[in-house]
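Engineer: This is the structure I have questions about; it appears just below.
Please treat every number below as a calculation from the coordinates, not as lab data. Source: prediction; values computed, not measured. Every residue, glycine as well, gets a Cβ built from its backbone with ideal geometry; the counts of neighbours run over all protein chains shown.
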Amino acid sequence: MLEMELMRQRGVLVLEPDGPLTEEDFDRLGALIDPYLEEAGRLRGLMVDTRSFPRWDGLDGLLAHGRFVRGHAAKVDRVALVTDSDLAGMLARVAAALLPPKLRRFDSGERAQAMAWLTEPEPEA
């Protein structure tokens, strides 16, 4: 199950995995975020708040996750991973090297700091 909240005024999507992720979770996520992306063009930030490394409900869930990331990563400016999971933190470092959004890990007690980082203005070039 994937809990999700789109904070339209902030341009931030908050995801809270609770149990194995399914193909249907990513279908619901697309139905929530795709209309917003059509209207706004980009998502300012994505917060993934998880106590442990999320699992997938079989191969279909894993493949749906991969398709979703591939189709949406370029439309996200920043990703904040809020977790105490060492495995999730390690995978976040790998993802940061491969994906376009800026990615930063925060400990589970730092949700407010993660939100502040997601919504701070980009420095002018």
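Engineer: What full-extension length gain, to one decimal in nm, is calculated for Ser108 and Arg10 as 0.36 nm per residue of separation minus the Cα-Cα distance?
Structural biologist: Answer, rounded to one decimal: 33.2 nm.
Engineer: Explain nothing, just the number: relative contact order of the stretch 1-58, from Cα pairs under 8 Å at least 6 residues apart, as a whole percent.
Structural biologist: Reported as a whole number, the value is 44 percent.
Engineer: Could I ask something else about it? Under the rule of at least 5 residues apart or a separate chain, name every residue whose amide H is placed under 5 Å from the amide H of Phe53.
Structural biologist: HN-HN under 5 Å from Phe53: Ala88.
Engineer: OK, next. Given R₀ = 35 Å, FRET efficiency for Leu32-Glu122 by Cβ-Cβ distance, to 0.05?
Structural biologist: 0.90
Engineer: Further, regarding this structure: List the residues whose amide H sits under 5 Å from the amide H of Met7, counting only those 5 or more places along or on another chain, with H placed 1.01 Å from N in the peptide plane.
Structural biologist: Val12, Leu13, Val14
Engineer: Taking H as built 1.01 Å from N, whose amide H comes closer than 5 Å to the amide H of Val76, not counting residues under 5 places away?
Structural biologist: Sorted by chain and number, the residues that satisfy this are Leu43.
Engineer: Work from the charge dipole of the chain (Cβ charges, +1 for Lys and Arg, -1 for Asp and Glu, about the Cα centre) and give the residue of Gly41, Leu6, Leu63 farthest towards its positive end.
Structural biologist: Final value for the positive-end residue is Gly41.
Engineer: What number, in percent, do you get for the relative contact order of the chain if the mean sequence gap of Cα pairs under 8 Å and at least 6 apart is divided by its residue count?
Structural biologist: RCO, the chain: 25 percent.
Engineer: Under 1.5 on a/c is rounded, so check that first for the stretch 5-64, then, if it is not, pick prolate when a/b is larger than b/c and oblate when it is not; a ≥ b ≥ c are the square roots of the alpha carbon gyration tensor eigenvalues.
Structural biologist: Note, shape of the stretch 5-64 comes out oblate.
Engineer: Distance in nm between label sites at Ala40 and Phe53, each 7 Å beyond Cα in the beta-carbon direction?
Structural biologist: 3.1 nm
Engineer: What ³J(HN,Hα) values, in whole Hz, does the Karplus curve 6.51 cos²θ - 1.76 cosθ + 1.60 give for the stretch 68-79 when θ = phi - 60°, with x put for Gly and Pro?
Structural biologist: Values, residue by residue: 5, 4, 4, x, 10, 4, 6, 9, 10, 7, 9, 10 Hz.
Engineer: Shifting gears a bit: Note down the magnitude of the dipole of the chain about its Cα centre, charges +1 on Lys and Arg C-beta and -1 on Asp and Glu C-beta and zero elsewhere, to the nearest 20 debye.
Structural biologist: With only Lys, Arg, Asp and Glu charged at Cβ, the dipole is about 440 debye.
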